[in-house]
Amino acid sequence: MSHIHLPDGVLPVWLWGSGFIVMTLIGAVLFRSIRQEEVSKRLPLLGMMAAAMVLGASVEIIPIAYHVNLTVISGILLGPSLIFLATLVVNVILALFGHGGITVIGLNTLILSIEGILGYCLFQLLWRVFKRLTSAIFLATFLALLVSTFSMIGVVSLGTSHYEEMIHREDQQGIFEFEILKEKGDHPEKDVKKDGINLRRFMAVVLPLGFLGWLLEGVITSLIVRYIYRLRPDLLRLKGVTS
Amino acid sequence: MIQLSYLDYSSVEGKSWLHRCSAATKMIGMGLVLSGVVTLRSLPGLLFLYAILLALFFISRIPSKIFSLTLYPLIFAVLFIFVSGFRTYFILLIFLKVLCGSTGVVLLMATTPYPLVFRVLGKFLPSLFVTALFLTYRSIFILLNVLEETEHAIHLRGGVQWRYPWRSLVNISNAFGHLIIKGIDNSEKMYEAMMLRGFKNKIHYRGE
């Protein structure tokens, strides 16, 4: 749900353009902070985790339009710097299959990497506090998804004036709904307000579906981590646990 | 995700004129489609663009199974119509933009082998990023095999039954856990193989 499943051309140019610029800046800062050898050594792992995220994203839970992201588990396994590159790669590949627009890759990467980085940090913090794996991973995933979903809603709301412009273009052109609008013509200003952008309705649809998704992904991620912990605890790099 | 194999097969085995066009030309074409999607705000214009893309899709004799991939993003576009107050014009505009964008990229990937796409990208993007992109694409097929095997094993043992949702969820999650562990094992082997072949942060494509 946190993924912006908007097509190309819906968000204003300044918004997706800024997304690309901010993504490039953050990427540059993160890659300056890690050693080149470390990156090249972990590139195959990054590829595998990004592939797992792509596969997760392709399993659609149709009634709630949700798919698992696996971003938090990837963040825990890759660390905060590499998860940024992994989310960028995932978004490019998903966009190449028509899953999310190409122009929104920058914004998608920022939002998904918030999920991965926040998930990693929260997991490390909650593990230290609770010392209970399932609770720590569930809460970390749930909170990270919550924050990223609100970030997505924030991004969508930034384009409000642009959507209004697109809707009002219809009124100027008079295509399809011209007759209906003509009947309402007695109170044109009222009608435009009534039929204009409705972010509350959008949130009313997205948040309940998102809530189900956060719960589901929280449970799935907890079960996955529990499975990994049983077989390869070294992968989780937990402090205070010897493998 | 199974359509991904068809997509790959179509891009390598296809013989149409679009398959024979250079990757750079097709990517420029994709850029034009994208700029059309971004700038066009009239339904006739977008319909015309979509009609051209559909015509190219069928002229190129791309397997029809792949066509469903172009419709997939509509599932998410449905959510976005709630912003508009159900205005027919806005909904049609959004849906056509979705369809033009997805048909364009699917057309590109179904007629161009992915190493050629990455080779063009490698000319103007950092090599580290292009290498990561290449390794991810390759890993998808490795993991798809693991996923298929695990899926069969779970299916044969009755691992996913809607009567037992919790047990099914645990089994599905364990399958993903298995996928991740197998993936990590494979990535370690892949890294060793790449080092043996002289990998130095860049993958070289044929013709370079």
Check: How would you rank A:150-159, B:160-169, B:63-72, highest first, on the average number of other Cβ atoms within 10 Å across their residues?
Finding: A:150-159, B:63-72, B:160-169
Check: How much solvent-accessible surface does B:Trp17 expose, in Å² to the nearest 10, with a 1.4 Å probe and all protein chains in place?
Finding: 120
Next item on the list: Would you tell me the mean number of C-beta atoms belonging to other protein chains that fall within 10 Å of each C-beta in A:216-223, as a whole number?
Entry: 3
Next item on the list: Leaving out ligands, DNA and RNA, calculate the buried accessible area for the pair A and B with a 1.4 Å probe, summed over both sides, in Å² to the nearest 100.
Entry: 6900
Notebook entry, point to check: Computed over the Cα atoms of the stretch A:114-170, what is the convex hull's projected area averaged over all directions, in nm²?
Noted result: 4.4
Margin query: Need one number: nm distance between label points at B:Arg197 and B:Glu148, each 7 Å from Cα along Cα→Cβ, rounded to one decimal.
Written below: 2.1
Check: What number, rounded to the nearest 500 deg cm²/dmol, is the helix-based mean residue ellipticity at 222 nm of chain B, given -39500 (n - 2.57) per DSSP H run of at least four residues and division by all its residues?
Finding: -25500 deg cm²/dmol
Notebook entry, point to check: Taking the highest mean first, how do the peptides B:145-158, A:136-149, A:220-233 order by number of other beta carbon atoms within 10 angstrom per residue?
Noted result: A:136-149, A:220-233, B:145-158
Note to self: Suppose R0 equals 60 Å. What FRET efficiency, 1/(1 + (r/R0)^6) with r the Cβ-Cβ distance, do A:Val13 and A:Lys131 give to the nearest 0.05?
What the structure shows: 0.80
Next item on the list: Write down the accessible area per residue of chain B in Å², having rolled a 1.4 Å probe over the full set of protein chains.
Entry: 49
Notebook entry, point to check: Within chain B, which complete DSSP H helices have Cα atoms spanning at least 30 Å along the helix axis and a mean Kyte-Doolittle hydropathy of -1.0 or higher?
Noted result: B:88-111, B:127-156, B:165-196
Next item on the list: Working with all protein chains in place, sort B:Arg87, B:Arg20, A:Arg42, A:Arg35 by solvent-accessible area computed with a 1.4 Å probe, largest first.
Entry: B:Arg20, A:Arg35, A:Arg42, B:Arg87
Note to self: Accessible area of the stretch B:60-208 with a 1.4 Å probe: how many percent of it is carbon plus sulfur?
What the structure shows: 62
Checklist line | Where A:Cys121, B:Cys100 fall by accessible area, highest first, once all protein chains stay in place (1.4 Å) | finding: A:Cys121, B:Cys100
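The values are calculated or read from the model by the stated rules, or taken from the named source; none is laboratory data. As the structure is a computational prediction, the values presented were derived from the model and not from experiment. Note: ideal-geometry Cβ built from the backbone for every residue, glycine included; neighbour counts use all protein chains shown. Side chains are part of the model used for accessible areas, which takes the heavy atoms of the whole protein and leaves out ligands, DNA and RNA. Shrake-Rupley method; radii C 1.70, N 1.55, O 1.52, S 1.80 Å.
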